[in-house]
Amino acid sequence: MIENIDTSLIDWSRAQFALTAMYHWLFVPLTLGLGIVMAIMETIYYKTGEEFWKTTTKFWMKLFGINFAIGVATGLILEFEFGTNWSNYSWFVGDIFGAPLAIEGILAFFLEATFIAVMFFGWNKVSKRFHLASTWLTFAGATLSALWILIANAWMQYPAGMEFNPDTVRNEMIDFWAVALSPVAINKFFHAVLSSWIIGAIFTVGIASWFLLKKRETRFALASIKVGAFLGLIASLLTLYTGDGSGYQVAQKQPMKLAAMEGLYKGGHGIGLVGVGVLNPEKKSYDDGVDPFLFKITLPNMLSLLAERSMDGYVPGIQDLLEGGYETKDGERALSAQEKIAKGQTAIQALADYQQAVKNKDETGAKRHRALLNENFSYFGYGYIKDSSDLIPHIGLTFYSFRIMVILGGFFILLFALASFYSYKNRFEDKRWLQWICLLSIPLAYIAAQAGWIVAEVGRQPWAIQDILPTAVAVSKLQTSSVQTTFFLFLAIFTVLLIAEIGIMIKVVKQGPESGKDMSNELH
């Protein structure tokens, strides 16, 4: 099996993938968010026939188009990296992981490509109804694209619907719907898409507030704020609901991630949820006896309620998960990390013995080794773990990112509630303080989204596929220097693209919506 893994190669490969993914997620959520905004606005135009709404729709559609083009470029690079930087991963699970990506390319991408041209260039060439349908279908295509990508990501967090083939040393899909409709996939899809609507909504409200601060395009700004604020409020509340579902799924499928999110070293019954807290930098090991917190405010019993839907539910901590011995929900004794590592090593050795038996045409031996492999395969990835402490993700990054995401989520619920209230009372125009908050909150929405992905991806380390394949084994055999070179090359390219996009968007915003009428008329 794989030995002498270059840790610097692993670190640089992870850094490059993280760089690409984080830049890509700057563009994707705004595409999804502005997609629903412009679709709603064009629907209003279709219903009312007012040219004002057509002009308003075209303004936001233009910003959507700028963002969409750059998002596609970064997304393509991200998918290529699976083959270049993570070839072992691609070989091991390509029969499963490739299916959602292929469907995303064939179905979603072509749906977008077909109707986006009609949406941008068909205003005076097709009927109003067909154009409206094209806008909604473009938005649907972008959402379906996100669906299949998120299904693929969810499978990495919770591998389901698969069977390992020792003859090819590949995992093969045996139940497509188990992959596509797993509870982790469905919850992840709704949580990610709804959080993207929040970004689109705050972007709309924030840019519209800039027009009010500049005393320009008043009617356009107030109308956009009404749509954006209401959409943002609904999306924020639904995101709160799906976030609760995500927390429950993490507790059931990835308990170590939950323990890291909470800085929970020793679990138990009736565990509280840390509202705010400061981790103790002197905490070096899970069993060193040092208090993990310098300060914390805990909501009693709430973590047990989140994780087990019971105020007295048992939640294991990091130490419990590594040492085992506690009683699981099915009444069995939880295995320790060392026991799982031993089972993983047994599975790896059984695979090697099976292959040798097949080579020697020893059918009896092959059958025996395959049975042993199947018995222990659920712990296959643990066989590559050298130290049980490697199973602990980065506590600080996971813990603080989770709180940033949650706190900002609560902030957006309050902000959208205020914006909706003052907007529908026709008093938003007078609230310059609120206009400034909305404008300055645009970056906060992106910070919340990035923090959420940090929790999801850093929190599941060291796994590329939960319990099946560690990240260290998934990497390609490349020269570390080549990965370093492409890292800085991508950093430069993505940064230039981002700066260019921001510059183009600022220019479009300053130009304002195009209209032959005075857009500063009061909303009526």
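The values are calculated or read from the model by the stated rules, or taken from the named source; none is laboratory data. Only a predicted model underlies this, so the values are computations on that prediction, with no experimental measurement involved. Cβ sites come from the backbone with ideal geometry, for glycine too, and all protein chains shown count toward neighbours. The area values use the complete protein model at the heavy-atom level, side chains included, leaving out ligands, DNA and RNA. Shrake-Rupley method; radii C 1.70, N 1.55, O 1.52, S 1.80 Å.
Structural remarks
- Remark: the Cα gyration tensor places the range 60-193 in the prolate category, a/c being 1.5 or greater and a/b exceeding b/c.
- Helical segments meeting 15 Å axial Cα length and Kyte-Doolittle -1.0 threshold in the chain (DSSP H): 7-48, 51-84, 87-103, 110-121, 128-157, 183-213, 218-253, 337-359, 395-424, 442-458, 480-511
- When Arg427, Arg219, Arg129, Arg368 are compared by accessible area of protein heavy atoms, the largest-first order is Arg129, Arg368, Arg427, Arg219, using a 1.4 Å probe.
- Sequence-distant lysines (8 or more away, or on other chains) whose Cα lies within less than 23 Å of Lys54: Lys62, Lys125, Lys128, Lys214, Lys215, Lys226, Lys507, Lys510, Lys517
- The accessible-area ordering, largest first, of the residues Lys343, Lys510, Lys128 stands as Lys510, Lys128, Lys343, per a 1.4 angstrom probe.
- Only protein heavy atoms count here; on that basis, with a 1.4 Å probe, Phe68 has an accessible area of about 30 Å².
- Sorted largest first by accessible area at a 1.4 angstrom probe radius, with every protein chain in place, the residues Phe109, Phe211 fall in the order Phe109, Phe211.
- The chymotrypsin sites (Phe, Trp or Tyr not before Pro) of the range 447-519 include none that meets both criteria, a DSSP state outside H, G, I, E and B (loop) and at most 15 other C-beta atoms within 10 angstrom of the site's C-beta.
- For the chain, carbon and sulfur atoms together expose 63% of the accessible surface, with a 1.4 angstrom probe and every protein chain in place.
- Cα gyration tensor shape for the range 143-292, rounded if a/c is under 1.5, else prolate or oblate: oblate
- Counting only protein heavy atoms and a 1.4 Å probe, the chain has 45 square angstrom of accessible area per residue.
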